[in-house]
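Worksheet for the structure shown next.
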Amino acid sequence: MELNPNKFSEHAVIAIEDIQLQTALDRGTSNADGRRRIAFAELDDPYGLRQQGRGAKLRALADLPDLLEQMERSVTASGGHVLWASDAAEARQHVLDICRKKGLTRGVKSKSMATEEIELLPTLIANGIKMVETDLGEYIVQVNESHPSHIVMPVMHMTKEQVRDLFMDKLGMPPTNEAADMTAFARKLLREEFLNADFGMSGGNFMIAETGTVVIVTNEGNGRLSTGMPPVHIAVVGIEKIVPTWEDFATLVQLLPRSGTGQRMTVYVNAFGGPARTNEPDGPEEFYLILLDNGRSDIYATEYTEALACIRCGACLNTCPVYNAVGGHSYGSVYSGPIGAVITPLLKGKENAVPLPFASSLCGACKQACPVDINIPDMLLKLRHDLEGEQDAIWQIGLKAWQFGNQHPLLFEVGGKAASAATRALAGLMGSDHIEALPPPLNGWTDYRDFPTFAPESFREWYRKNRGTDA
Ligand code: SF4
């Protein structure tokens, strides 16, 4: 599927009719959302912890420039190299330059949304560098030559049966229906890659400025192998991932696993900040940290700054009725769901992601689920306002007509009566109490649901009759 946020509607229509996708989404999102609720219910003060986490992220954002410089000093003091990337092209070039300088040709990578965002893999392949994804979900996506559809669970869009068929078809896996067998099969192949890699790559869930440490939280152990085994380690991390202290990290690391996978803590928490020291038997000989901006500083200090507080837990995706119905690929972006609908237009340019802020019922479930209480519905509304001139002509004419009608009470009343009479007459012609099909361009509604008739009596009329005064 082509990654194009402006094709959201076309992709959503296909996704809704895809039975296997719907099965996968039902299972995946309800399991994850259910586990999150249980994990938070056992806390004494879940709201207090969320506010503490929000405070930690907002304080970090307020000091962002200073903290990043502190991070650079700390990593450099530990013998690592820090490179700044203002955009995706510069980040990719840094990786290529390191590979060329060191003669690196075989890499392994742990899960990283930042490297997805900069579309690193196609660049590496085009330059003759092999890179293998080692997170099981990302590995499946790579074998399938597809894209992740969820921030935390990259193959949320696939059923176990589809993964089985893929592995049998592309990798020659012996027939099995057991997920454990499929995992063991992939693990065996990946072991070889770890052993033969001359460099490893990762993202970072957090950066801790006071000690210059990058932390990743994982469940599969591949993160530790990717960052610790090969002689060179390159981490690409978005600049917004920084927090000042370990104390702030201690708050946030209680929130991320609970929100993402419903765990109190992930199986592995890896911390690194430079090459192996002389008394350390394990770890890379060289460590590079690429600090990725790629549009983040354009969001900084705008009315959307709060979007940078996101810790990429995926909870808002799992609870969102729109994501649940259409899946991640429909958004046409690495970042999907409610937070994707906010940050994709901000990172890619609003005109390049016009439908996304409208892909929400504004029910508020995302804000309630968010461990750092980001006001996503509010930002979606602001983006809709910013995008007023970008909507298609029919939509704009409809909104203008609605606005005009609302400003002229008599016209509104007459229009309401006309709509009531017309819709009931049309339903009567169809021999029904509702309208099953409307002509273009209104068929966008009736293609998927019935159109109810307007009430015979408006609220204003009812109020006048029952209260003796105007509403
Ligand atoms: S916006 Fe909140 S809920 Fe959504 S991914 Fe980010 S931190 Fe998680």
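Key figures for this structure:
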{"quantity": "Number of the condition not met by ALA315 [criteria: (1) more than 12 Å from the ligand (Cβ to nearest atom); (2) surrounded by 15 or more Cβ atoms within 10 Å (Cβ to Cβ)]", "calculated": "(1)"}
{"quantity": "ASP298 of a type in the set (D, E, K, R) and within 21 Å of the chain's Cα centre (by Cα)", "calculated": "yes"}
{"quantity": "Candidates MET265, MET229, filtered to the one that is more than 29 Å from GLU90 (Cβ to Cβ), more than 15 Å from the ligand (Cβ to nearest atom) and of a type outside the set (S, T, N, Q)", "calculated": "MET265"}
{"quantity": "Subset of segment 289-312 that is part of a helix (DSSP H, G or I) and within 16 Å of the ligand (Cβ to nearest atom) - its residue that is surrounded by the fewest Cβ atoms within 10 Å (Cβ to Cβ)", "calculated": "THR305"}
{"quantity": "Residue match in segment 372-389 (condition: in contact with a Cys (Cβ under 8 Å, 6 or more places away or on another chain) and outside any helix (DSSP H, G or I))", "calculated": "yes"}
{"quantity": "Answer residue from segment 232-262, given it is within 24 Å of the chain's Cα centre (by Cα) and in a strand (DSSP E or B) and is farthest from the ligand (Cβ to nearest atom) among those", "calculated": "ILE234"}
{"quantity": "Matching residues in segment 362-419 - criterion: being under 30 Å from GLY55 (Cβ atoms) and more than 16 Å from the ligand (Cβ to nearest atom)", "calculated": "ARG384, HIS385, ASP386"}
{"quantity": "Residues within segment 453-471 that are without any contact (Cβ under 8 Å) to a residue 24 or more places away in the chain and outside any loop (DSSP other than H, G, I, E, B), tallied", "calculated": "8"}
{"quantity": "Restricting segment 26-78 to residues that are under 22 Å from the mean Cα position of the chain (by Cα) and basic (Lys, Arg), the residue that is surrounded by the most Cβ atoms within 10 Å (Cβ to Cβ)", "calculated": "LYS57"}
{"quantity": "Single match in THR227, THR218 (criterion: assigned by TED's automatic domain parsing to the domain that holds SER112, crowded, with 17+ Cβ neighbours inside 10 Å, farther than 23 Å from THR105 by Cα and of a type outside the set (Gly, Ala, Ser))", "calculated": "THR218"}
{"quantity": "Residue match in segment 397-405 (condition: more than 18 Å from PRO321 (Cα to Cα) and polar (S, T, N, Q))", "calculated": "yes"}
{"quantity": "Number of the condition not met by SER330 [criteria: (1) in contact with a Cys (Cβ under 8 Å, 6 or more places away or on another chain); (2) more than 15 Å from the ligand (Cβ to nearest atom); (3) of a type outside the set (Lys, Arg)]", "calculated": "(1)"}
{"quantity": "Set THR123, THR115, THR176: member being surrounded by fewer than 18 Cβ atoms within 10 Å (Cβ to Cβ), more than 16 Å from the ligand (Cβ to nearest atom) and of a type in the set (Ser, Thr, Tyr)", "calculated": "THR176"}
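Residue-wise test of (1) at pLDDT below 90; (2) more than 30 Å from GLY314 (Cα to Cα).
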| site | (1), (2) |
| --- | --- |
| LEU362 | no, no |
| TRP395 | yes, yes |
| ALA421 | no, yes |
| ASP433 | yes, yes |
| GLU436 | yes, yes |
| ARG449 | yes, no |
| ALA455 | no, yes |
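The values are calculated or read from the model by the stated rules, or taken from the named source; none is laboratory data. Every value quoted in this text rests on a predicted model; they were computed, and no experiment measured them. Positions of Cβ are generated from backbone atoms using ideal geometry, with glycine treated the same way; all protein chains shown enter the neighbour counts.
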